[in-house]
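Asks: First the structure, then my questions, so here it is.
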Amino acid sequence: MQAQRILKKLSPEGKLYAIQRSIQGIQDELVKKYKNRAPNIQLDETLTQDFLNAKTDEERSAAEQAIYKNIASQIPATFADKWRAWRYFAMLWNPRTHVRNVAGSAFYQPLRIAKDRVASAIEAGVSKVTGGQLERTKSFAASPALYKAAWNDWANVSDTFSGSKYDDSPVGQVERYRRVFTFPMLEKARQGNMAAMELEDAVFKRITYADALAGYLQANDVTAAQMEDGSVDRKLLDRARAYAG
């Protein structure tokens, strides 16, 4: 999380350097896989200038995505890549998989809530016995305002905790745009099915994250007002986010 936050705050030149380093890493992997037949990944100069010359964050983000798409188009899909993608697609496309995915996540929630409430009582007892030396991770209940702040904080960590191979890093962004199947309809179906699975998971992940984060902050005397004005101790907030994640 800290590394991704640093990456987002880099200057355009720094971000471009990170992209170039990622391209070199991808190139090294291709050389291992293809030996002398490895394609030579090149950074498009026109897209690079568009990225550096962008005036707004929106323009720079669009230029950055165009770079990732261009890099992804230069990476071929091997037979092994297609076979693995087909196996995943064949398994996850089944409607029963989606039903079980949602039902399983829903069934887990009351069990998690009960476990956390019991643990919060144990932590409170231990903290009292040790004179408050224990940094608690749970509270029996958080204020509605703090829960709302924790719910909104999901936007800051959703990419990190997506649970998929796609993340905010340059390599993750390139992987997002890779085309595995040459047949357009099959490729769209593959990407659409993965997106549906991620969406199903994200709903329950956000509920779990908000509950865990709010409980951690409440137990450590952080208020919703502090979350809103950004006055929360950064190290404490990082620990709380990592725990909730």
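The values are calculated or read from the model by the stated rules, or taken from the named source; none is laboratory data. Being a predicted model, the structure only gives us computed values, none of them experimental. Cβ placement follows ideal geometry from the backbone for every residue including glycine, while neighbour counts extend to all protein chains displayed. When the accessible area is computed, the model is the full protein with side chains, heavy atoms only, and any ligands, DNA or RNA have been set aside. Shrake-Rupley method; radii C 1.70, N 1.55, O 1.52, S 1.80 Å.
Asks: Using the crude model of +1 on Lys and Arg Cβ and -1 on Asp and Glu Cβ, and no other charge, please compute the dipole size for the chain relative to its Cα centre, in debye to 20.
Replies: I would put it at about 1000 debye.
Asks: Between 0 and 90 degrees, rounded to the nearest ten: what's the tilt of helix 12-34 against the longest Cα principal axis of the chain?
Replies: Approximately 70 degrees, to the nearest 10.
Asks: Here is a further query. Relative to the first principal axis of the alpha-carbon coordinates of the chain, what is the inclination of helix 79-92, with its axis defined by its Cα atoms, in degrees from 0 to 90 and to the nearest 10?
Replies: Once rounded, one gets 40 degrees.
Asks: Please report Rg over Rh for the stretch 50-124, where both radii come from the alpha carbon positions and Rh follows the Kirkwood definition.
Replies: 1.28
Asks: So what does the Cα-only Debye profile of the chain read at q = 0.17 Å⁻¹, as log10 I(q)/I(0), no solvent term?
Replies: Log-scaled intensity ratios, in q order: -1.25.
Asks: Measure nothing fancy, just the Cα-based angle from helix 184-219's long axis to the longest principal axis of the chain, in degrees from 0 to 90, nearest 10.
Replies: Tilt of helix 184-219: around 20 degrees.
Asks: Another one. Taking a threshold of 31 Å on the Cα-Cα distance, which of the pairs 82/148; 128/235; 15/205 fall above it?
Replies: Exceeds cut-off: 82/148.
Asks: Of the accessible area of the chain, with the probe set at 1.4 angstrom, what percent is carbon plus sulfur?
Replies: 58
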